[in-house]
Amino acid sequence: MIHMKLLYETMDAIEAEMLKGLLKSYGIETFALGNDFDSIKGVLPHSDALIRIFVSEEDLEDAMEILKASE
């Protein structure tokens with residue numbers, strides 16, 4: 001069983017897609033929650049409008065380093 005860990009949260013769908021693409025280019029698979037709510041942002045509470053990017057537990061450290069280097 002693969003254990004997923006939260007890597008990043010954003011309200012920006014473009015930022016989320018760019019991060020997912022960057023990680024994929026390094027062979028790291030991602031899972032996103034919350035990106036289906038773009039059409040109702042502003043109606044939902046802030047925490048419900050967040051897009052959460054998850055990676056596998058085994059990829060978390062590498063993904064964090066890639067994220068840090070991309071800032």
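The values are calculated or read from the model by the stated rules, or taken from the named source; none is laboratory data. Everything numeric in this text was worked out from a predicted model, so none of it was measured. Don't worry about glycine lacking a Cβ; one is built from the backbone with ideal geometry, like all the others, and counts go over all protein chains shown.
Brief remarks on what is shown
- Search result, residues across the stretch 31-64 that are hydrophobic (A, V, I, L, M, F, W, C) and at pLDDT below 55: F37, I40, V43, L44
- So L67, is it under 10 Å from the mean Cα position of the chain (by Cα) and at pLDDT 90 or above: no
- Take the conditions (1) of a type in the set (A, V, I, L, M); (2) surrounded by 11 or more Cβ atoms within 10 Å (Cβ to Cβ); (3) at pLDDT below 90; I28 misses just one of them, which is (3).
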